[in-house]
Amino acid sequence: MTEGSSLPGAIAAAPRPTRAEPVRLSSRSRRRIAGAARTLTILLVILVFFGPVVWIMLTALKQPRDVYSLSVIFTPTLDNLRTAFASPYFLGSRTLNSIIVTTGTIVLSLPIATAAAYAFSRFRFPGGNAWSLGVLATQFIPPVIIIIPLFVAFRSAGLLDTRLALIIANMSFVVPYSIWMIKGFIDAIPADMEEAAQIDGASRLRAIWDVVVPMAIPGIATAAIFAFVVSWNEFFYALVLSRQDAVTLQVGLMGARTERGDAWEIMAAMGLVIILPMLVLSRYVQRYFVAGLVSGSVR
Amino acid sequence: MPGILPARRFEGWGRMHDRVLKYWLIAPALLVIAGTLLYPLVSGLWYSLHEWKLSDSPALGPFVGLGNYVVAVSDDPDLLNSGRVTLIFTVLSVVCTLSVAMGLAVLLSGNGRLEVNARTLLVIPFAMSPALVGVSWRFLLNPEFGGFSALIGALVPGLKGASFLADPTLAMAALILCDVWHSAPYFMLMFIGALASLPQETVEAAQVDGASRIRLFFEIVLPQLKPVLAIAVLLKIIFSLKVLDQVITLTNGGPGTSTETLAHFIYQTAFRWYDVGYAAATAYLLAACMAVFAAIYFQLITERRPA
Amino acid sequence: MASVELVGVEKRFGSFSALQHLDLSVADGEFLVLLGPSGCGKTTTMRMVAGLEEATAGEILIGGRRVNDALPKDRDVAMVFQNYGLYPHMSVAQNIGYPLKVRGIGGPDREGRVKRAAEKVELGPLLHRKPRELSGGQRQRVALARAIVRTPQVFLMDEPLSNLDAKLRVTMRAEIKHLQHELGVTTIYVTHDQIEAMTLAHRVAVMNGGVIQQLDTPEAIYDRPANLFVAGFIGSPPMNLVPGRIAGGTFQAPGITIAGAFPAAGGDVILGIRSEDVTIAAPGEGSIEGQVYASELTGEAVLVTVSAGGARLIARAPRSFRGGFGSPIALNVDAGKIHLFDEATGRRIAFADRSDGG
Ligand SMILES: Nc1ncnc2c1ncn2[C@@H]1O[C@H](COP(=O)(O)OP(=O)(O)OP(=O)(O)O)[C@@H](O)[C@H]1O
Ligand SMILES: [Mg+2]
């Protein structure tokens, strides 16, 4: 967890070892200036990293003529959203597609990943941990390789431009990564409890359901947040695999590039819908998604 | 444990023995992986040995052996250009991202209110889709009404009103900027985690010894972060090598082919020119590059965590 | 209720052999204690009976039925785990009630049985707590209650009292003994506490290095240890063991000569004598002469370590004993209480006037 972290004082803030300083006043004011400079730097960092997000969200609420000025003060309007929901942008159906694809990916992936994570954690397989490392290794295959045969296969199966195709494509990265994340959590749960459950009369599957799953909830939640973020943000597979009916929010962004040039206010409106869930979930995104990714890659 | 499955009737899930059950538990996941990763991997390799224009025929074209690979490595200036672009992008984006991330980590690792909130806000760029990041920066860098290009114009007079995405060098700079903005927060959190786990005594000892803060950082802190830094470098190389979404939405490879990364080149070859066989072959070349770094990465993480 | 039999059971973890050819049979209703040093395979034996570990070879029978391939849930045993194995997300009541829930027993019947089990281990007021809100001893009692909430064929208890304080341990020991007697359930109980083994068991199996060294009643194990390991392991302080020779009916070691009814042709042996069978005498008046090496007050007695020749012996003296370091002292041994072991094999040597079989 990053919340509780702190860099040793010397580098971050400044409680230096107290020693008798001959010129006390000046050192104190020097420290105060340093503190102010630091605060200012942090504010600048926030401006650079968060400003653009704010700018996009504001643009979404601007009148078209304000979009093309740099003004920050304007009368907010929902016109852009209204336009975006209408033809030819269909923000409504794009959002629905995104929601269905994301939900479908999560609902299908997590049980599959949990079962496999449990098995990899608790049982030995011939070949040792090559299996679980192999699962992770699949994540280093570049998507451009995967997509070509998938495209060909979906085309001949008549699955192009369906949400199912997008869900299947998303599972290719959500399932392996979730296995890896959830396995880390299950590894940390001692086997005693599920053994006790089996002796108490539960079958292995029932013990998993009654005992392991409830205890692995934080891990499963982490994987769920991860699955949500990456499926919601998935762009490339959807770009290749969808045409009309299954177009998601991300691909919909491209639709705002018209012959007359980019319709920025529409893009911003779509961006708003894309970012909104991340803002709402930002606490969890930080705590679970990033923490999960970081631990998954470093540990 | 005997590895041979005894032949037995299906007795219901509840009665199933662990020796059998464990394979059922991983079966669905293996099915997904086999269907969505292994199958494409193998058939992609097969395609790469053929000449196949998807626009002409839905059936696999004539077998050409290593022909596609030969053309790719010996006789394709466009591919060469993409390789160069990818190299430049990778080197610069790795260096910039990790330096920025390290700076941010040092700046924001405290537990003050400002730091904690800043960290939460900084996660948003990373949680944003790369596609939207590209679109947003395209907008922000617009010379007429882009907020960011106005800011840069004010800071660097030479760039006032510059059309970032129309100039080859500036477009590459924009692509790198956009990538740093997107991925630095992730590595920042990784570094903050690593900083927090440094033994406090080493720093305190150096402080007592009277080291300046700069020296403290470069001589005490940074060396201890080496293992994490190594992993971060490898991960970032791998991420940079396959960068694609932002390229599509920010520059679409332009102007000309000045920002056409390998992944983008493959994408265009496959889905714009429908030259599937050749695209698959170049994709395998890219995968080979990544495999080298992935192998080192695995070496590192398994070393650190003896299994 | 049922008997438990292990016939020629072996267990290997990879190349490491944890148990070698174990034969053990526990009668119906018997209380058997597995006693041995850490790592000797007690838990492994128990886990194989429970079905948590597969036997590499041999047969396991419960109630005469071969259970090698039966799942844990079908063996009808209850187990108290060394580290409790409580379900952290369930309350105490849910923990205790889980075996009943799995068997489809619900409603007031379950509630009543949970309550009764909880009261037996004095957990009544804690039923709504979560395991993490309990002390170690309380957790252990929840684990016990979960085992006794139903009447299984066999109880398996893996050091169920190890985390209790000394006082509670004594109380719970009595409680377990009473419960087992009342329910009459066959019980296998693991401990490395000898007192527990002695007080609880009908029979004790002393294990070492994956092999049962001796299987007998507590009295027999104490009075007639089958080999050097058992002799040295059982009893506190451990039995005095003195290597020497028997020649002409006397035992001789450097500085020590003991006369007794020894077998005529003895050869190299190890003589064993418990500290309570050694008495202290004034210098020059005993069969063993030496100096006081150390003396320790245990409460009801004083343990005097005496160095004599090349050996050290411990004697139990009355608490009035006073003797400074290095002061000369003599010891007498109760000839009827002497044990002899073959130096080469470590096995007990039976000799004439002793009624034991060896
Ligand atoms: N899963 C395992 N893999 C490998 N070796 C194991 C495993 N479980 C136990 N062992 C080994 O088998 C031996 C017996 O272990 P066991 O747990 O039965 O000892 P124990 O008698 O219960 O000891 P303690 O009194 O410390 O609980 C030990 O040497 C242990 O290291
Ligand atoms: Mg044990």
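The values are calculated or read from the model by the stated rules, or taken from the named source; none is laboratory data. Keep in mind the model is a prediction, meaning the values are calculated, not measured. As a convention, Cβ positions derive from the backbone with ideal geometry for all residues, glycine included, and neighbour counts pool all protein chains shown. SASA here: full protein model, heavy atoms, side chains in, ligands and nucleic acids out. Shrake-Rupley method; radii C 1.70, N 1.55, O 1.52, S 1.80 Å.
What to note about this one:
- Qualifying residue in region C:170-186 (condition: on the phi < 0 side of the Ramachandran plot and within 16 Å of ligand 2 (Cβ to nearest atom)): no
- Residues located in region C:27-47, provided they are within 13 Å of ligand 2 (Cβ to nearest atom) and either closer than 20 Å to residue B:18 by Cα or part of a loop (DSSP other than H, G, I, E, B) (or both): C:36, C:37, C:38, C:39, C:40, C:41, C:44, C:45, C:46, C:47
- Within region C:91-106, considering residues that are open to solvent by 20 Å² or more (accessible area, probe 1.4 Å) and either within 9 Å of chain A (Cβ to nearest Cβ) or touching a strand residue (DSSP E or B) at 6+ places or on another chain (Cβ under 9 Å) (or both), the one nearest to ligand 2 (Cβ to nearest atom): C:102
- Any hit, region A:205-220, residues being under 18 Å from residue B:37 (Cβ atoms), of a type in the set (Phe, Trp, Tyr) and in a helix (DSSP H, G or I): no
- Pairs where the first residue, in region A:160-175, is more than 9 Å from chain B (Cβ to nearest Cβ) and touching a residue at least 24 places away in the same chain (Cβ under 8 Å) and the second is open to solvent by 30 Å² or more (accessible area, probe 1.4 Å) and in a helix (DSSP H, G or I), C-beta under 6 Å, 6+ apart: A:163/A:100
- The one condition from (1) at pLDDT 90 or above; (2) surrounded by fewer than 20 Cβ atoms within 10 Å (Cβ to Cβ); (3) under 16 Å from the mean Cα position of the chain (by Cα) that residue B:230 does not meet is (1).
- Among residues of region C:53-65 that are within 11 Å of residue C:153 (Cβ to Cβ) and touching a residue at least 24 places away in the same chain (Cβ under 8 Å), those with a Cβ under 7 angstrom from a residue that is open to solvent by less than 30 Å² (accessible area, probe 1.4 Å) and part of a strand (DSSP E or B), sequence gap 6+ or separate chain, pair up as C:62/C:4; C:62/C:154.
- The residue list C:220, C:205 contains one member that is more than 14 Å from every other protein chain (Cβ to nearest Cβ), within 16 Å of ligand 1 (Cβ to nearest atom) and open to solvent by less than 10 Å² (accessible area, probe 1.4 Å), which is C:205.
- Residue list for region C:187-202, filter: open to solvent by less than 10 Å² (accessible area, probe 1.4 Å) and either at pLDDT below 90 or within 14 Å of ligand 1 (Cβ to nearest atom) (or both): C:188, C:189, C:190, C:191, C:196, C:197
- Candidates in region C:223-260 are the residues that are in contact with a helix residue (DSSP H, G or I) (Cβ under 7 Å, 6 or more places away or on another chain), under 15 Å from residue C:349 (Cβ atoms) and among the hydrophobic types (A, V, I, L, M, F, W, C); of these, the one that is most open to solvent (accessible area, probe 1.4 Å) is C:241.
- Residue among A:96, A:78, A:44 that alone is open to solvent by 30 Å² or more (accessible area, probe 1.4 Å) and within 21 Å of residue A:239 (Cα to Cα): A:96
- If the condition is being in a helix (DSSP H, G or I) and open to solvent by 10 Å² or more (accessible area, probe 1.4 Å), then region B:233-243 contributes B:233, B:234, B:237, B:239, B:241.
- Verdict on residue B:222 being in contact with a Lys or Arg (Cβ under 8 Å, 6 or more places away or on another chain) and either open to solvent by 30 Å² or more (accessible area, probe 1.4 Å) or more than 10 Å from chain A (Cβ to nearest Cβ) (or both): no
- Only helices (runs of 4 or more DSSP H) whose full extent lies in region B:65-140 are considered here, and the ones with at least 2 residues that are over 21 Å from residue B:243 (Cα atoms) and more than 16 Å from the chain's Cα centre (by Cα) are B:67-74, B:77-108, B:113-127.
- Filter pass, residue B:250 being in the same structural domain as residue B:165 (by TED's automatic domain parsing) and surrounded by 19 or more Cβ atoms within 10 Å (Cβ to Cβ): yes
- Matching option when the condition is more than 28 Å from residue A:274 (Cα to Cα), in a helix (DSSP H, G or I) and facing another protein chain (nearest Cβ under 7 Å), among B:193, B:158: B:193
- Counting residues in region B:259-270 that are of a type in the set (Ser, Thr, Tyr), buried (at least 22 other Cβ atoms within 10 Å of the Cβ) and not in a helix (DSSP H, G or I) gives one or more.
- Total residues in region A:99-131, condition at the interface with chain B (Cβ under 10 Å from one of its Cβ atoms) and either open to solvent by less than 10 Å² (accessible area, probe 1.4 Å) or over 30 Å from residue B:299 (Cβ atoms) (or both): 8
For every residue, the table says whether it meets (1) within 20 Å of residue A:193 (Cα to Cα); (2) assigned by TED's automatic domain parsing to the domain that holds residue C:162; (3) outside any helix (DSSP H, G or I); (4) touching a helix residue (DSSP H, G or I) at 6+ places or on another chain (Cβ under 9 Å).
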site: C:96; (1), (2), (3), (4): yes, yes, no, yes
site: C:105; (1), (2), (3), (4): no, yes, yes, yes
site: C:113; (1), (2), (3), (4): no, yes, no, yes
site: C:122; (1), (2), (3), (4): no, yes, yes, yes
site: C:128; (1), (2), (3), (4): yes, yes, yes, yes
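- Any hit, region A:181-191, residues being modelled with pLDDT of 90 or more, assigned to a helix (DSSP H, G or I) and open to solvent by less than 30 Å² (accessible area, probe 1.4 Å): yes
- Which numbered condition residue C:156 fails, given (1) in contact (Cβ under 8 Å) with a residue 24 or more places away in the chain; (2) open to solvent by 10 Å² or more (accessible area, probe 1.4 Å); (3) in contact with a helix residue (DSSP H, G or I) (Cβ under 7 Å, 6 or more places away or on another chain): (2)
- Of all the residues in region C:10-55, those that are among the small types (Gly, Ala, Ser), within 8 Å of ligand 1 (Cβ to nearest atom) and open to solvent by less than 30 Å² (accessible area, probe 1.4 Å) number 3.
- Taken together, the criteria place residue A:141 among residues that are among the hydrophobic types (A, V, I, L, M, F, W, C) and facing chain B (nearest Cβ under 7 Å).
- Just one of the numbered conditions (1) open to solvent by 10 Å² or more (accessible area, probe 1.4 Å); (2) among the hydroxyl-bearing types (Ser, Thr, Tyr); (3) assigned to a helix (DSSP H, G or I) is not true of residue C:151: (3).
- The listed residue being part of a helix (DSSP H, G or I), modelled with pLDDT of 90 or more and out of contact with any Pro (no Cβ under 6 Å at 6 or more places or on another chain), out of A:239, A:253: A:239
- Meets criteria (among the charged types (D, E, K, R), closer than 18 Å to residue A:229 by Cα and more than 7 Å from chain B (Cβ to nearest Cβ)) for residue A:65: no
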